[in-house]
1. Per the 1.4 Å probe, what fraction of the accessible area of segment 387-531, in percent, lies on carbon and sulfur atoms?
2. In the chain, what percentage of the DSSP-assigned beta bridges are antiparallel, given to the nearest 5?
3. Counting every Cα pair in segment 288-332, what percent are over 17 Å apart?
4. List the trypsin sites (Lys or Arg not before Pro) within segment 435-517 that fall in a DSSP loop (any state other than H, G, I, E or B) and whose Cβ has at most 14 other Cβ atoms within 10 Å.
5. At 10 °C and 1.306 mPa s, grab the translational diffusion coefficient of segment 473-530 from Stokes-Einstein with a Kirkwood Rh over Cα pairs, rounded to a whole number in µm² per second.
6. Select from 213, 140, 103 the residue farthest towards the positive end of the dipole of segment 89-224; place +1 on Cβ of Lys and Arg, -1 on Cβ of Asp and Glu, and compute about the Cα centre.
7. Please name whichever of 527, 123, 76 sits farthest to the positive end of the charge dipole of the chain, dipole taken about the Cα centre and charges placed at Cβ: Lys and Arg +1, Asp and Glu -1.
8. Taking the Cα centre of the chain as origin, work out the dipole magnitude from +1 charges on Lys and Arg Cβ and -1 charges on Asp and Glu Cβ, in debye rounded to 20.
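The values are calculated or read from the model by the stated rules, or taken from the named source; none is laboratory data. Being a predicted model, the structure only gives us computed values, none of them experimental. Using ideal geometry, Cβ is built from the backbone for each residue, glycine included, and neighbour counts are taken over all protein chains shown. Please note that ligands, DNA and RNA were not included when accessible areas were found on the heavy atoms of the full protein model with its side chains. Shrake-Rupley method; radii C 1.70, N 1.55, O 1.52, S 1.80 Å.
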Amino acid sequence: MASSSPYLHPILTSAEAQAWEKAVLGDDPEKAWAAMERAGAGVGAAVLRDFVQWRPLPRDPKVLVLAGPGHNGGDALLAAQEILRSRPRGRVSVIFLEPVEKLKPLAKRAWEALAKHAGVEILDEAQLREETHAGRWCAWDIALDGLYGMGFHPPLPEPARQLIETVNKISGATGFRAAVDVPSGVSEKPAAAAFTADFTYATGIAKKPLFDAANAKWVGRIREVDIGFFCGQPGIKYPDISPEQREFILQSSILHWLGRLRDPASDKRAYGRLLVISGSRSYPGAQMLNVLGALRAGAGLVTALTPESHAAAFAAARPEAMWRACPEEADGSHGAATLDRARELWPRCTAVLAGSGLGKGAASQKLILALAKECTLPLVLDADALTPAVLEAVAQRPQDFGPVTLTPHAGEFARLAGEGADLREFCAKHKVITVLKAPITRISNPHGKFVWCSTFGGPVLARGGSGDILAGIIGTLVAQMPDDATHAAGCGVVWHGLAADALARERGDTAALTAELANYLSAALRNDWGH
């Protein structure tokens, strides 16, 4: 088995990952060296790409490398070399865990390649302390952790523990902190101490410890660096994934079909007809963000049922959508009149999005309950549509009704399923596709046999309204592919995350507006699907 699909890579235990690498590389040192070169170049390029989420990359960056004697150290050294290729005026300071003469052959080869560049030096820990206490705010722009990889078994040896503690304590002096493969100190056992990374670049294979919530404080953002381990090379007998292996990391290639030129003979009816039932007088912005996400995601037709008090303003702001004003309840929410209009429109639509900013009033909740029971179309339910009563109604929908996709954040999911609930079991029990929004967004469906994990995006999404835009994107994609709502959800989450990455590279994590996110959906598609 090379991979379950081109856009899914399995998340493996350290033992499984080692067996997979062994199958791909065998005992051929040249194959291993070529893989190390791809890993180092990939990590270096990713650091250069992601660094600008913090600030512009200097012309002469200062790079600190923590290098162990094995392959992880080699990867880090070659990543530093890639950075120097882009910024030849840079300076690289290397702290080796072992003397250079004790490096393993490939790590030594990587060091020899890096040492040919000007501006490369070896430091010891005492010099590290001197550098960082010299009064400079940022002695190094980039810190690369390559001390230990997936073969690490705790506890940390004392010299490594002291070095990691020193670097962690001087975080203000080390700028952008990147771990190669896994942060040193992290393994499948609980870590007492580990390198604190802003980004962890999983080289070739994403390992399970990176996805353990207990390690989140060390791991930071996860990015997989694909070096071709899952491309199905002829003549290789790939190991079987263990039966309990059900987690996969989504690849940006899932968006390949969206990045293609559209059929020149197509018209608007070919790209989905989405009905949006959301917003209220108290929360009008949620519906506007739903519609913005849907329109930017390429919906052919978007019809929004909106409380009449703001229908005119919304139509003026976003004339691309069809705004249908509905009489309001006393509290400014949707009610029986909206349900009647929705029933009229269902035959002309291919999916319905409902719930964002709808409110908890009795009338709006009755509307959602009726929608869940009566509407045969695929549904995307967000925010105020996520209640136990609605969940019960969804579970009783006839088999020939369209699928239901829920988009809860962690708090909403806990209220629906209970603390610590298993996502797969929840989806199987309630017959739903669930997009569980979090720093690592997880997706499962009623079959309950897998979890897809998306690591795209980051703290730039930690602001009100980002989920409303995601709901609009997923609603459009479900409207375009109603027979494969799980795939639509995966596409929506990856696309949203890649747009967030593009926004963060342009604006940073802090000084951005939620609505700006929709403007970067185009960049996410047109930039080689995020690579």
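1. Details: 2950 of 5750 Å².
That fraction is 51 percent.
2. Details: 10 of 65 bridges.
Roughly 15 percent of the DSSP beta bridges within the chain come out antiparallel.
3. Details: 295 of 990 pairs.
That tail contains 30 percent of the Cα-Cα pairs.
4. Working: sites: 437, 442, 449, 463, 505, 507; in loops: 449, 463.
In loop regions of segment 435-517 (DSSP not H, G, I, E or B), the sparsely surrounded trypsin sites (Lys or Arg not before Pro) are 449, 463.
5. Working: Rh = 11.8 Å.
Rounded, D is 134 µm²/s.
6. 213
7. It is 527, whose Cα lies furthest towards the positive end.
8. On the way: 56 positive and 57 negative charges, 161 e Å.
My answer is approximately 780 debye.
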